[in-house]
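The values are calculated or read from the model by the stated rules, or taken from the named source; none is laboratory data. Computed from a predicted structure; not experimentally measured. Quick reminder, even Gly has a Cβ in these numbers, built from the backbone with ideal geometry, and neighbours come from all protein chains shown. Protein only, heavy atoms only, side chains kept; ligands, DNA and RNA dropped before computing areas. Shrake-Rupley method; radii C 1.70, N 1.55, O 1.52, S 1.80 Å.
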Amino acid sequence: EKAKDMYGREFQRDESFFDNSSFLQGAAEKVAKRLNISYTNILPQQIHYYLERDLVGAGIFDPLLHDEKIISILCEGPHKDIKIEYADLGRMKTNRSIAHNEDLNIFIQKLAGIAGKTVDEQHPFLNVSFEGFQFEGVIGIGGASSRIMIRRLSA
């Protein structure tokens, strides 16, 4: 989170920073210093993974989307465990949740942008299919929580 606060806009502006090992090392050193933690050689790799996941990928949903055995993902708002459904194991809660409603809104709006759709207060619903998934979401209005259901489409 600290690395995203400090460098997120730079990585969003220029994705080539993900391939710049000296920049990542410098960023990791500064983050470690700000957080008063020990710098280790693995810290730049960890920062690279989480920044790429959160800024370019699907954030907290990214590893779930890459697990081909998961057929659906449900997020009912911030601070609620994300639920998944496996093809062979059934439904279960994860130990993961979205921290802030705004994070879920950003994800839903990112999906809408990729699909060429608009999601806002006048049009709060998203229903799109791409990349082998069906995304159904709604951004929260008037204090309501945002929600998203992601279903893997059959091949």
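Taking every C-alpha pair closer than 8 Å and separated by at least 6 residues, the mean separation divided by the residue count of the chain gives a relative contact order of 16 percent.
Only the Cβ atoms of Lys and Arg (+1) and of Asp and Glu (-1) were treated as charged; on that basis the dipole of the chain about its Cα centre amounts to roughly 320 debye.
Once Rh is set to the Kirkwood radius over Cα pairs, what Stokes-Einstein translational diffusion coefficient, in µm²/s, holds for segment 44-118 at a temperature of 25 °C and a viscosity of 0.890 mPa s?
Working: Rh = 13.4 Å.
It comes out at roughly 183 µm²/s.
When each of the peptides 100-111, 78-89 is scored by the mean number of other C-beta atoms lying within 10 Å of its residues, the order from highest to lowest reads 100-111, 78-89. Solvent-accessible area per residue in the chain equals 63 Å², computed with a 1.4 angstrom probe and all protein chains kept.
Split the accessible area of segment 79-155 by element, probe 1.4 Å, and carbon with sulfur accounts for 49%. Within straight-line reach of LYS30, meaning a Cα separation under 18 Å, sit the following lysines at least 8 residues removed in sequence or on another chain: LYS2, LYS4.
Report the gain in length on full extension from GLN45 to GLU131: 0.36 nm times residue separation, minus Cα-Cα distance, nm rounded to one decimal. Present the calculation step by step, with values, prior to reporting the outcome.
Numbers: separation 86, 0.36 × 86 = 30.96 nm, distance 2.68 nm.
Stretched out fully, the GLN45 to GLU131 stretch lengthens by 28.3 nm.
If you take every residue apart from ILE141 with its C-beta less than 11 Å away from the C-beta of ILE141, what net charge results, scoring Lys and Arg +1 and Asp and Glu -1?
Working: positive: none; negative: ASP120, GLU121.
Counting the neighbours of ILE141, the net charge comes to -2.
Can you tell me the FRET efficiency between ILE141 and GLU1 if r is taken as the Cβ-Cβ distance and R0 is 22 Å, rounded to the nearest 0.05? Write down the numbers at each step before the final one.
Details: r = 26 Å, r/R0 = 1.19.
In this case the efficiency is close to 0.25.
Heavy-atom accessible area for SER21, with the other protein chains in place and a 1.4 Å probe, reaches approximately 90 Å². The label-point distance for ILE37 and ALA87, in a model that sets each label 7 Å from Cα toward Cβ, rounds to 3.6 nm.
Scan the chain and note any complete DSSP helix (H) whose C-alpha atoms cover at least 15 Å along its axis and whose Kyte-Doolittle average is -0.5 or more.
On the way: long enough: 2-13 (18 Å, -1.88); 21-35 (21 Å, -0.09); 43-55 (17 Å, -0.77); 101-114 (20 Å, 0.28).
Helices passing the filter in the chain: 21-35, 101-114.
Considering only DSSP states other than H, G, I, E and B, which chymotrypsin sites (Phe, Trp or Tyr not before Pro) in segment 25-76 qualify as loop sites with at most 14 other Cβ atoms within 10 Å? Passing sites in segment 25-76 are TYR39. Estimated at the nearest 10 Å², the accessible area of MET149 is 40 Å² with a 1.4 Å probe. Per-residue ellipticity at 222 nm computed for the chain from its helices equals -12000 deg cm²/dmol, with DSSP H segments shorter than 4 residues left out and the rest contributing -39,500 (n - 2.57). The GNM of the chain, with springs linking C-alpha atoms under 10 angstrom apart, assigns the highest mean-square fluctuation among THR118, THR94, THR40 to THR40.
So for segment 68-130, if I pair up every lysine 8 or more residues apart or on another chain, how many of those pairs have alpha-carbons under 18 Å apart?
Details: LYS69/LYS83; LYS69/LYS93; LYS80/LYS93; LYS83/LYS93.
Lysine pairs meeting the criterion: 4.
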